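Novice: Please read through the structure below; I'll follow up with questions.
Where a number appears in this text, it was derived from the coordinates with a stated rule and is not lab data. A quick note: this is a predicted structure, and the numbers were derived from the prediction, not measured. Neighbour counts run over all protein chains shown; Cβ positions are idealised from the backbone, glycine included.
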Amino acid sequence: MSEKYNSDLNNCRWKYRQINESTFSILINEELWFSKPQNFNDPFDCQIDLRSFNATIASQDVLPNSDWIKKNLKDEFAYLCMCRKWDQTLMWSHYANEHKGIAFGFDSEFAPSVKVKEISYDKTVYSNKLSSLKGVYSEIARKLYLDIQGTFLEPDDIKNYYNHLYSLYEEFRYLKAECWRYEEEERLEISNLNESIPGIEYKFPPTSLKHVIFGLKCNKSSEKTIINLLSSDKWNHVKIWKAYAHAPSMTLRVKPVKRT
């Protein structure tokens, strides 16, 4: 493989997929699915319990609309999770049906109107934000229940709490545990979604799909189906590759695949 194509591959965002009807629909409909956090495979991803910071407040309805905020901070957003590398062996194993699937390589500008941010695997950032939020939360509790001087809760106190809360969630939406570091994830975010829907399809321009890589165990029948779907003129620019194992380096490499 030439250095040019190697550079092209490394500059893409990758979506690993198993071969199924949903994967075919990516090409048929030119759409990618943005999912809400409740459908993620990581039970801690984007999850936050607002009522666990203080035992006194946890049993009360102290903060106006706190249940609404707890719910909508999670339901408002949907995400497309992508990888910065095409040759990540564990990603092929976990998300592409043990190397029997496929990886789509999109250019970095395929969704210009969508917020993009790399995932952090550093708990320190989140811990610092959480400690700050707990401090604000505890101060509200003190004013409401513990202050014998009779200090009243001011609107700015609640506003300050919510500002801290949103700042925390800004960090938390892009933070995962260390065990997920191998994913080298970039997360694309769509906001202001209806709470009743599980996610949303995002229409992408065909020109943004640059590469397709078949897993090293992908069968000929699946390859033929994908190649047929890529046969229309709008996909002529897409480079098609087949992954193979390079034993001396214990890495994945690719070789070009002919369309005919």
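Novice: Quick one: net charge of D87's neighbours, Cβ under 12 Å, K/R +1, D/E -1?
Specialist: Local charge sum for D87: +2.
Novice: Hey, can you grab everything whose amide H is under 5 Å from the amide H of K210? Only 5+ residues off in sequence or another chain; H modelled, so Pro and N-termini drop out.
Specialist: HN-HN under 5 Å from K210: G105, F106, D107.
Novice: Determine the alpha carbon to alpha carbon distance for each of K100/K255; K115/K242; K115/K255 and list only those over 24 Å.
Specialist: Too far apart for the 24 Å limit: K115/K242; K115/K255.
Novice: Could the peptides 240-253, 84-97, 174-187 be put in order, highest first, of the mean number of other beta-carbon atoms found within 10 Å of their residues?
Specialist: Most protected by this proxy first, the peptides run 84-97, 174-187, 240-253.
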